[in-house]
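One structure is given here, and the rest of the page talks about it.
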Amino acid sequence: MTSDQEDLAPIDTKTISSEEISEMMGLMEEVDLMVMSTMQQDLSQQRLIPLLDELSCPGTMITRDDKIGQVKVDFGSGCVSDRGMERIGNLTINYSGGILSKGSILTIDFENFSLNGHQMNGQRKLENLGYDASTRTLSFSSSVKNFKMTNLNGQEFNLDQSYIRELELSTENEGFRIYLKGNGSLTAQDYSKTTFEIVQPFKYMQKCIESGSYDPIEGSLQISTNTYQNKIVSFESLGCS
């Protein structure tokens, strides 16, 4: 990861680090993958998304009620998945239509939920934008408003986010790939408000996600605060470190 910072101004408050921003973005990607995986647990038809198995987290309870369009995922007091991801608490997923149907909407509510020690509180919305058979790509939008995330140091952040995600499905030679674009903002007490925009789509690889890494292997992010006008953070990796 490299950065290029321009137009520095005097610093009055602390700035949110690019590492903090990218980590939060990766954690939200992990949540969305968990949700899409969960929604496919009981599909009798062939799965289009060969994603992560939530039942690999010992003790996880998944309850589905198709009459009201709701799935509850209970990780209880904590479990660790095969990939080493620790999950605590509950997710409630309300849905309209099947996840693979264009126009279907999912809303995810978080209750005493944490992922790898990062606490999350609020609601997230996912919408299926359609499937392109020629490219084997499934597109989703995702958004949050006033979403709260608390890091390992106990610092609470408010997150606004609007993304478009293109999921290229697995082939015989390669696992799924995720391309992410969009923008958002972060605020926190004693920190400058930070806005960010993905200027070159983030790319996530299945093999990296399965190894427990939620950093993109390529892409760039433009970050702005009241202490500097523009900072570009670029990701480039040959592996999943």
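The values are calculated or read from the model by the stated rules, or taken from the named source; none is laboratory data. Quick caveat: nothing in here was measured; it's all calculated off a predicted structure. Methodologically, a virtual Cβ is constructed for each residue, glycine included, from the backbone with ideal geometry; neighbour enumeration extends over all protein chains shown. Note: accessible area is taken over every heavy atom of the protein model, side chains too, but ligands, DNA and RNA are not part of it. Shrake-Rupley method; radii C 1.70, N 1.55, O 1.52, S 1.80 Å.
Given a cut-off of 31 Å, name the pairs among LYS125/LYS207; LYS102/LYS145; LYS67/LYS203 whose C-alpha atoms lie farther apart than that in the structure shown.
LYS67/LYS203
Can you give me the relative contact order of the chain as a percent, contacts being Cα pairs under 8 Å and 6 or more apart?
17 percent
Mind listing the Cα extents of the range 89-197 along all three principal axes, in Å, largest one first?
49, 28, 25
Residue farthest toward the positive end of the dipole of the range 56-138, with Cβ of Lys/Arg at +1 and Asp/Glu at -1: which of SER104, MET85, GLN123?
Going by the charge dipole, the pick is SER104.
Mind listing the phi-derived Karplus ³J(HN,Hα) values for the range 173-184, rounded to whole Hz, using 6.51, -1.76 and 1.60 with θ = phi - 60°, and x for any glycine or proline?
9, 8, x, 5, 10, 10, 10, 10, 9, x, 8, x
Using alpha carbons only, how many degrees (0 to 90, rounded to 10) separate the axis of helix 18-39 from the longest principal axis of the chain?
Here the helix axis deviates by roughly 10 degrees.
For the chain, which whole-number percentage of the solvent-accessible area (1.4 Å probe, protein heavy atoms only) is attributable to carbon and sulfur atoms?
43 percent
If amide H atoms are built 1.01 Å from N in the plane of the peptide, which residues on other chains or at least 5 residues away come under 5 Å of the amide H of SER104?
Answer set, sorted by chain and number: ASN128.
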